[in-house]
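For reference, the structure is listed below as structure tokens.
The values are calculated or read from the model by the stated rules, or taken from the named source; none is laboratory data. It should be emphasised that the depicted structure is a prediction, and the values quoted were computed from it without experimental measurement. No Cβ is skipped: glycine too gets one built from the backbone with ideal geometry, and neighbour counts run over all protein chains shown.
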Amino acid sequence: MPLRPEQVFVLLAAFFGILFLLLTPPFQSPDENRHFYRAYHISQGSIFATKMDGRVGGFLPKKVKESLTPFVDMQARIEVKTSRDTIFSAISMKSDGNLEFVDFPSMAVYTPISYIPQAFGIRLARVFSNSAIIALYAGRLMTLICWIIALFYAIRITPIFKWLFVALALLPMSVFIHSSLNADMITNAVVFLFVAFMLKQAFSEEKQSKRNFLTTALLVFLLASAKFIYAPLLLLFLLIPLKNFTDKKQFFFRIGMLFSLALLTVICWPIIQGVGYVSSDDYNPAYLHSVNLYTCADVGDQ
């Protein structure tokens, strides 16, 4: 019996994802060090970042940053290699309870939703180990597992383009990113789920139910909170045939509610989190070199 597309995806994604997870040294995926600091901060129960002395970040155990410092210097330098001894040495470094302020300004603007899998994996690892690098690999593993589960359901429910979904999801960079601590995992997973769910409803003959609407609303909220630039995907709701609604009033009411939900989510989070985007001009110059802020343009003004 041939394997279904979603089964093929799970097998290949799990195999290559684990390879990427184990063979890629810490902090060698895009911005993984700052994603790790943010996720670790959330795993401590801290939802919001802190602005202090011209810096944005949070207080973490001092050994968290110290034990992983050797891997920061490897970023974007393919000629620099690590070794098992370096990794095992980092594993052996235990936290002593002392805290220090760690910068992650570009990640402070993300909602905690984008870091739930990573933070959960890190928190779980902290129950059994006091090692920062064990926490990092646990966060990677939880990210990979959540991505595979989400894409499994997306491929399963879409009535068309199943193999296209598989092909896109299994692109090498896609598997690489989703086996790291990158916050884009939630965004990409929700995009696939949302597109698949809209296609399912577009090709369905069933009347629109309250359950369908609530599921769509949840996906819209997650999408807008994870990365607001994808909110226009809500227009895919227009693919659902008008005959699937009770009447035009129900259609316009529901799409109006969804647009309002997306707009409120996009507007409210920057207000709630309080810190906002900090430009390179306003950042503490003593720490600017380590935070990867844009210096060519003011992203906040744009």
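Condition check: surrounded by fewer than 20 Cβ atoms within 10 Å (Cβ to Cβ) and either in contact with a Cys (Cβ under 8 Å, 6 or more places away or on another chain) or under 25 Å from Val220 (Cα atoms) (or both). Does Leu170 satisfy that? Let's see the steps before the verdict.
On the way: surrounded by fewer than 20 Cβ atoms within 10 Å (Cβ to Cβ): yes; either in contact with a Cys (Cβ under 8 Å, 6 or more places away or on another chain) or under 25 Å from Val220 (Cα atoms) (or both): yes.
The answer is yes for Leu170.
Results for (1) β-branched (Val, Ile, Thr); (2) touching a helix residue (DSSP H, G or I) at 6+ places or on another chain (Cβ under 8 Å); (3) at pLDDT 95 or above, shown as yes or no for each residue.
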position	(1), (2), (3)
Ala119	no, yes, yes
Leu124	no, yes, yes
Ser131	no, yes, no
Met142	no, yes, yes
Ile148	yes, yes, yes
Leu151	no, yes, yes
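Would you pick out the residues in the range 86-112 that are within 12 Å of His41 (Cα to Cα) and not hydrophobic (A, V, I, L, M, F, W, C)?
Narrowing the range 86-112 to residues within 12 Å of His41 (Cα to Cα): 99-104, 107-108, 112.
Residues satisfying the conditions are Glu100, Asp103, Pro112.
Those residues that are exposed (fewer than 15 other Cβ atoms within 10 Å of the Cβ) and either basic (Lys, Arg) or within 30 Å of Pro159 (Cβ to Cβ) (or both), I need them from the range 15-34; list them, please.
Phe15
Evaluate the following for Trp163: is it modelled with pLDDT of 85 or more, surrounded by 23 or more Cβ atoms within 10 Å (Cβ to Cβ) and not in a loop (DSSP other than H, G, I, E, B)?
Details: modelled with pLDDT of 85 or more: yes; surrounded by 23 or more Cβ atoms within 10 Å (Cβ to Cβ): no; not in a loop (DSSP other than H, G, I, E, B): yes.
The answer is no for Trp163.
Name the residue, out of Leu181, Leu144, Leu151, Leu193, that is in a loop (DSSP other than H, G, I, E, B) and either of a type in the set (Gly, Ala, Ser) or touching a residue at least 24 places away in the same chain (Cβ under 8 Å) (or both). Can you show your working first?
On the way: Leu144 fails: in a loop (DSSP other than H, G, I, E, B); Leu151 fails: in a loop (DSSP other than H, G, I, E, B); Leu193 fails: in a loop (DSSP other than H, G, I, E, B).
So the residue among Leu181, Leu144, Leu151, Leu193 that is in a loop (DSSP other than H, G, I, E, B) and either of a type in the set (Gly, Ala, Ser) or touching a residue at least 24 places away in the same chain (Cβ under 8 Å) (or both) is Leu181.
Suppose we filter Ile47, Ile87, Ile42 for residues that are in contact (Cβ under 8 Å) with a residue 60 or more places away in the chain, surrounded by fewer than 15 Cβ atoms within 10 Å (Cβ to Cβ) and touching a helix residue (DSSP H, G or I) at 6+ places or on another chain (Cβ under 8 Å); which single one remains?
Of the residues listed, the single one that is in contact (Cβ under 8 Å) with a residue 60 or more places away in the chain, surrounded by fewer than 15 Cβ atoms within 10 Å (Cβ to Cβ) and touching a helix residue (DSSP H, G or I) at 6+ places or on another chain (Cβ under 8 Å) is Ile47.
I'm told Ser225 meets every condition in (1) surrounded by fewer than 20 Cβ atoms within 10 Å (Cβ to Cβ); (2) among the hydroxyl-bearing types (Ser, Thr, Tyr); (3) touching a residue at least 60 places away in the same chain (Cβ under 8 Å) except one. Can you identify the failing condition by its number?
The number of the failed condition is (1).
Is it fair to say Ile133 is part of a helix (DSSP H, G or I), over 30 Å from Arg4 (Cβ atoms), in contact (Cβ under 8 Å) with a residue 60 or more places away in the chain and among the aliphatic types (A, V, I, L, M)? Write out each step before concluding.
Numbers: part of a helix (DSSP H, G or I): yes; over 30 Å from Arg4 (Cβ atoms): yes; in contact (Cβ under 8 Å) with a residue 60 or more places away in the chain: yes; among the aliphatic types (A, V, I, L, M): yes.
In short, yes.
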